[in-house]
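See below for the structure under consideration.
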Number of protein chains: 2
Amino acid sequence: MPLPAEIRAVSGRLAVTKNFSVAVTGHTDARLSAAIARALRHCEERTGLTFGRTADGLFARADDPARASLVVACAGPAADLPQLGEDESYTLDISAERAVLRAPMLLGALRGLETLGQLLQGDADGWFLPAVAIRDRPRFPWRGLLIDVCRHWQPIEVIKRNLDAMALVKLNVLHLHLTEDQGFRVESKKFPRLHELGSDGNYFTQDEIREIVAYAAERGIRVVPEFDIPGHAASWVVGHPELASAPGPYVLVRTWGVFDSTLDPTNEAVYTFLDTFLGEMVSLFPDPYLHIGGDENNGAQWSANPRIQAFIHEHGLHDNHGLQAYFNRRLQEILARHGRKLVGWDEILHPDLPKTAIIQSWRGAQGLADATRAGHTVLLSNGYYIDLSEPTSKHYLNDPLPVDTPLAPEEQARVLGGEATMWSEWVSPETIDSRIWPRTAAIAERLWSPRDVTDVDDMYRRLGYVSRRLAEAGSRHEANREPMLRRYAGDRATEESLAALRELVALVEPVKGYQRGREQPETTQFTPLTGLADCATPDSQPSREFAKQVETVVFGDAEAASLAPWFAEWGRLAGRVRSAAAACGPREGELMALADQLSEASQAAGEALAMLASQTETADLAWREAMFACLDRAGTPRAAVELPLVAPVRLLVAAAIEKTRRGTMPPDAWRAHLPAIAFPKKPE
Amino acid sequence: MPLPAEIRAVSGRLAVTKNFSVAVTGHTDARLSAAIARALRHCEERTGLTFGRTADGLFARADDPARASLVVACAGPAADLPQLGEDESYTLDISAERAVLRAPMLLGALRGLETLGQLLQGDADGWFLPAVAIRDRPRFPWRGLLIDVCRHWQPIEVIKRNLDAMALVKLNVLHLHLTEDQGFRVESKKFPRLHELGSDGNYFTQDEIREIVAYAAERGIRVVPEFDIPGHAASWVVGHPELASAPGPYVLVRTWGVFDSTLDPTNEAVYTFLDTFLGEMVSLFPDPYLHIGGDENNGAQWSANPRIQAFIHEHGLHDNHGLQAYFNRRLQEILARHGRKLVGWDEILHPDLPKTAIIQSWRGAQGLADATRAGHTVLLSNGYYIDLSEPTSKHYLNDPLPVDTPLAPEEQARVLGGEATMWSEWVSPETIDSRIWPRTAAIAERLWSPRDVTDVDDMYRRLGYVSRRLAEAGSRHEANREPMLRRYAGDRATEESLAALRELVALVEPVKGYQRGREQPETTQFTPLTGLADCATPDSQPSREFAKQVETVVFGDAEAASLAPWFAEWGRLAGRVRSAAAACGPREGELMALADQLSEASQAAGEALAMLASQTETADLAWREAMFACLDRAGTPRAAVELPLVAPVRLLVAAAIEKTRRGTMPPDAWRAHLPAIAFPKKPE
């Protein structure tokens, strides 16, 4: 994962033993050697084999390519730093004799080594690589992950292990969201008050930035920094209130949302400041692209400031949006002087914006289309908001250029790719990996693999595989789960209690979208993220499997009785959770509530099943109302988690209510009708 | 843990809510504030509560101590860096109204905050601190952990998380073993060939050393560096062969043992070099103590070098040991000039060694006694070799000054404490935490708590508790377990397979002492430590519980039948492991062998039980031989792990063999007799 562009299985297998050897023909350099060493080391760690070494401790190279197990044939080097649009293609041919990895340029070799690592497997006969012929290249040249290090600080070790994980799934852009109302996360030697007063001491030093950029480049990943202005700027003006559009003093924001602090575009000193600051930053971030944010400027400070409104009037800028366009144009000029191209969010789109600016669309397909048609190159992030705890399948099927795209071919050519966005309101360094991985691997596949690779079941199957590889590469999304659960459960929890909680946590998901802020309104930047919602992960696997089974019952011809073991199990689990709850001290209340919800879902499902099976009874209004009331209770979020199995139970209840109509409707009508019954629109 | 010197439970409890507040009276400084912030943050993470903050993001302080939940009353500061023998005492009085932590000096406050953190608990009524009155102080002033970063490199994040864990159990010395045949792990700007050619690129930069020293000091922990000379010196002479006692060239050693490379004490240039080098190092390591190793010099290069032998003769040094004493005396002079006191291993003991040198005893009680009587202050490490996978109880009961110590009071006063030693032949950054923790907490208790705190069962009970606290403090001994098992099991393992392997791993232990090197003789520094022995941890809890139960049967009056469920379970587990093995690919062979051993142990135990129960049958020679042969097979190490449950089964077999004698012997004789039957001395 991501699935290669072309893959053909061939019969045979290449044994991997301690004598496995590598030869490099054609171009070679330190980056390639390091990538080969990483690949071999991972292989050693998985297999327990020890490959040959030189006295210097390096992996020994085969002198004769004809006798090597793996030949890496790289035709040419790459730029010192990875560049947008560089050739990442490669071919990989594995036979019983050897594996041959060919790439026109270095980056392709790096991508091919990751593919090789994912092919390694073992059986009773030993470790091997299956024979295969792969021709691979990416669909989009910009495949990114945004990490917001501002709302919750994420130190360099988080960034590095996520870069390793990104490399594994062939992502090639790390977008660092470095400034926000809640924190200014990069050291400025020119304006030290920015990080000194704007970060609580949590920022990347310039040495760390250089380390991140080098670490990423080593893995063929670009680093694009974002300095979000003119809004989202509280952390700038804590130390520099003179830049703001209203008098200070300012303090850092500790909660989530859209706030007023905004730079003043009418103040020439702001541009002088930004020129100096950005000049300093471009010396740290060598990539030609620089993101200036530009989103969610609420305009409150501008509207309230007569001087700013007068400026708008004098310069014929019409309104606040016109003023922001003016600001962006000035910024664009500054960046151009520093040899950088501007990237920004949807909101920067304006007729006056130079066409060289890239638009990153977070607001939807319309934004993407508008920007593309206006002549901009674009990135898609709408639909890739992995912070919202939505199912992986939804992200997976979100195509920047779907089959039915309304864009003309030349407009389509301006779609560079997309980025998953890890906004950090609800993640700590302990939980962030479990929000990014393995789900972002599905987005990586969407952006790398051919458009017609859309089999959701197959994606989930491979996601389980790649999840283990990601864990081995250093991601802590699996490792942190059990310690978090133990801390949550507390010291009095027995092994039985823990087993019950483990199963419960596998059945719940954090609430979706922006619901968590509504469920836990008192949360601040300091609230520990160690509750049930933090232990749980999006995309409950057993719930997904149950939902599939319900579908085959209500829309297919599976026996309704096949569902009964599920509900019975929930009923038993509810009892075990109740027993566990008493040992979990202050967590007792929320656990008891969830156990009750599980019981109610189990009971509703059982009654629906009985109703479905009954030859005589039909669902009267009282039954129907009782069922939906029961499911409403079962579906109410508790402790910011919810039971995704309630939705398929609703469908089952609807099927029971409508059972007499089933035979009377064509399958498509039935498929449309049943959800309408299960999820009736609430009266306005 | 460690248990305080005096602890008295009082009735009542102090509720911990989001309004929990802290006041500091008396002395305060940045270190104390940071320690209080760490304690409060851990409390937040465990409870999910969010305590009050200032606009600057700091924990809010209570203005009025009379209304604070916790009052920290520190009478005076501490030295800028922790010093040997500083006052670490404190008192902690918790009532229903408030907790009051009093300490004469800063270090005591740091220790008391750790105690406070261990008292936090929750029940259905909420989170609380139990009312208690504690008067606490350490028994020994030097309570250390040695980490060998040479055999396997351990980067700074390993050191930092272990410093956090050390602080939790009140250890106060980190002994960094920085040079070895296998690696030179510190940057020298004076002699860069040392780390450049001697480390494969894996060394602490000088900035990192400063960071480690500061991080440790912040937690009241001293850092004592060790530069192991004149032996164990291959990594020195790779870059500087002119210092060696035989001509080079040299390469780094990649295996384990005692090797020849030794500095040349007859070469004045060696002292000039060491003077410059150590002069550089003392600027990095401010502690007044510096460890020069001095162990395991095999003398081979000296004996083979006529010039060196002539030097010994000319200077009346008698032999190689005399030459090493001469070397140490010269070193001592150099160190004294740099304001440092010398520490070394047993072998440096010699009549010519100045009494100011501290001896660290790794070879046994006799070494400790000899050095003490010779007038040296001493540290005990013999018995604290946590790398040898021995039971925690053994380390726990290993007292530097046992009740029956042969030392006179003034000699006893020269025993400063001890150090657990984490030699790193068999640990990687992934596994090291599971070798250090939680076991080292028991050693920490031995060195802090009163001598009469020796209840092993109670220690194990509390060890489980402190293990969770250590995990929360950042140790990865629990977190890494499951990912390692999953990687070992491979991709074809089902959840059922994993469950069986998990139980198997809980029943086995890595082989003990220096056995692993014999079991896996081809191991080098590059061998991945990802096998079964690395997944397993010392001190199998179910095996220990079984052994206790056997004891109560054969030496007490428990029903023999109470053991039957254990064996039955092993038999079932053996079957499950066999099923799992087939899914574990190349691991199948070793898993099948272990399943067979488990079956054999189960069968032998079952037969012993039947024999014990039989009124008529007695164990004849054939039965006896068959049983012991079966147990020999079951007890044979596989994949460098062994089944500790075999030993109690042997005891059970012995009880069956000797059952007719049981009533005829006094209990003490029976206790001595049975192990002699179970573990007969093999003929020489």
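The values are calculated or read from the model by the stated rules, or taken from the named source; none is laboratory data. Because the structure is predicted, anything quoted here is derived from the model rather than measured. Neighbour counts are summed over all protein chains in view; Cβ atoms, including those assigned to glycine, are modelled from backbone coordinates with ideal geometry.
Exactly one residue out of B:ASP387, B:ASP319 is charged (D, E, K, R) and surrounded by 22 or more Cβ atoms within 10 Å (Cβ to Cβ), and it is B:ASP387. Residues that are in a helix (DSSP H, G or I), crowded, with 21+ Cβ neighbours inside 10 Å and within 14 Å of another protein chain (Cβ to nearest Cβ) within the stretch B:568-590 comprise B:ALA580, B:ALA581, B:ALA583, B:GLY585, B:ARG587, listed in sequence order.
The criterion of at least 2 residues that are touching a helix residue (DSSP H, G or I) at 6+ places or on another chain (Cβ under 6 Å) and within 30 Å of B:PRO644 (Cα to Cα) is met, among strands (runs of 3 or more DSSP E) falling completely within the stretch B:331-438, by B:415-422. Looking across the stretch B:333-378, the residues that are under 27 Å from the mean Cα position of the chain (by Cα), of a type in the set (A, V, I, L, M, F, W, C) and under 19 Å from B:HIS175 (Cα atoms) come down to B:LEU342, B:VAL343, B:TRP345, B:ILE348, B:ALA357, B:ILE358, B:ILE359, B:TRP362, B:LEU368, B:VAL378.
Name the one entry in A:ARG139, A:ARG143 that is in contact with a Ser or Thr (Cβ under 7 Å, 6 or more places away or on another chain) and closer than 26 Å to A:SER475 by Cβ.
A:ARG139
Considering each of A:TYR514, A:TYR465 in turn, give the residue that is farther than 19 Å from B:GLU472 by Cβ, out of contact with any helix residue (DSSP H, G or I) (no Cβ under 6 Å at 6 or more places or on another chain) and more than 11 Å from chain B (Cβ to nearest Cβ). Spell out how you get there, then give the answer.
Values: A:TYR465 fails: more than 11 Å from chain B (Cβ to nearest Cβ).
Just one listed residue meets the conditions, A:TYR514.
Summed over the stretch B:135-154, residues that are β-branched (Val, Ile, Thr) and in contact with a Phe, Trp or Tyr (Cβ under 8 Å, 6 or more places away or on another chain) total 1. Per this entry, B:ARG633 is not counted among residues that are surrounded by 17 or more Cβ atoms within 10 Å (Cβ to Cβ) and at pLDDT 95 or above. Only one of the numbered conditions (1) in a helix (DSSP H, G or I); (2) over 29 Å from the mean Cα position of the chain (by Cα); (3) not hydroxyl-bearing (Ser, Thr, Tyr) is violated by B:LEU317, and that is (1).
Looking only at residues of the stretch A:518-567 that are among the small types (Gly, Ala, Ser) and within 26 Å of the chain's Cα centre (by Cα), we find that the one that is nearest to the other protein chains (Cβ to nearest Cβ) is A:GLY531. Evaluating B:THR179 against the criteria (1) under 30 Å from B:ALA99 (Cα atoms); (2) touching an Asp or Glu at 6+ places or on another chain (Cβ under 7 Å) leaves one unmet condition, (1). Given the structure, is A:VAL641 within 37 Å of the chain's Cα centre (by Cα), of a type in the set (Val, Ile, Thr), crowded, with 21+ Cβ neighbours inside 10 Å and under 30 Å from A:SER497 (Cβ atoms)? Considered against the rule, which asks whether it is within 37 Å of the chain's Cα centre (by Cα), of a type in the set (Val, Ile, Thr), crowded, with 21+ Cβ neighbours inside 10 Å and under 30 Å from A:SER497 (Cβ atoms), A:VAL641 comes out as yes.
Does A:ARG476 satisfy being free of Cβ contacts under 8 Å to residues at least 60 places away in the same chain and either crowded, with 16+ Cβ neighbours inside 10 Å or under 21 Å from the mean Cα position of the chain (by Cα) (or both)? Break it down stepwise before answering.
Numbers: free of Cβ contacts under 8 Å to residues at least 60 places away in the same chain: no; either crowded, with 16+ Cβ neighbours inside 10 Å or under 21 Å from the mean Cα position of the chain (by Cα) (or both): yes.
Against the criterion (free of Cβ contacts under 8 Å to residues at least 60 places away in the same chain and either crowded, with 16+ Cβ neighbours inside 10 Å or under 21 Å from the mean Cα position of the chain (by Cα) (or both)), A:ARG476 does not qualify.
Taking first residues from the stretch B:147-162 that are within 21 Å of B:GLU472 (Cα to Cα) and partners that are surrounded by fewer than 20 Cβ atoms within 10 Å (Cβ to Cβ), the Cβ contacts under 6 Å between residues at least 6 apart in sequence or on separate chains come to B:GLN154/B:PRO429; B:ILE156/B:GLU208; B:VAL158/B:PRO429; B:LYS160/B:TYR215; B:ARG161/B:GLY474.
Rundown of residues vs (1) over 25 Å from B:GLY513 (Cβ atoms); (2) at pLDDT below 95; (3) touching a Leu at 6+ places or on another chain (Cβ under 9 Å), yes/no style:
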site: B:ALA593; (1), (2), (3): no, no, no
site: B:GLN597; (1), (2), (3): no, no, yes
site: B:ALA605; (1), (2), (3): yes, no, yes
site: B:GLU617; (1), (2), (3): yes, yes, no
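Does A:GLY239 satisfy being more than 24 Å from A:ASP352 (Cβ to Cβ) and touching a Gly at 6+ places or on another chain (Cβ under 6 Å)? The answer is yes for A:GLY239. Of the residues making up the stretch A:479-502, those that are surrounded by fewer than 18 Cβ atoms within 10 Å (Cβ to Cβ) and touching a Ser or Thr at 6+ places or on another chain (Cβ under 8 Å) number 1. Among the residues of the stretch B:204-242, the ones that are surrounded by 23 or more Cβ atoms within 10 Å (Cβ to Cβ), part of a helix (DSSP H, G or I) and over 23 Å from the mean Cα position of the chain (by Cα) come to 5 in all. When the residues of the stretch A:482-501 are filtered to those that are out of contact with any Lys or Arg (no Cβ under 9 Å at 6 or more places or on another chain) and free of Cβ contacts under 8 Å to residues at least 60 places away in the same chain, the one that is nearest to B:ASP56 (Cα to Cα) is A:MET484. Just one residue in the set B:ARG222, B:ARG193, B:ARG254 is at pLDDT 95 or above and in contact with a Ser or Thr (Cβ under 7 Å, 6 or more places away or on another chain); that residue is B:ARG254.
Taken over the stretch A:515-540, residues that are assigned to a helix (DSSP H, G or I) and in contact (Cβ under 8 Å) with a residue 40 or more places away in the chain amount to 8. Among the conditions (1) of a type in the set (Gly, Ala, Ser); (2) within 14 Å of chain B (Cβ to nearest Cβ); (3) surrounded by fewer than 21 Cβ atoms within 10 Å (Cβ to Cβ), A:ALA300 misses just one, which is (2). Whenever a residue of the stretch B:408-420 is surrounded by fewer than 19 Cβ atoms within 10 Å (Cβ to Cβ), its partners that are hydrophobic (A, V, I, L, M, F, W, C), lying with C-beta atoms within less than 6 angstrom and at least six residues away or across chains, give the pairs B:GLN412/B:LEU401.
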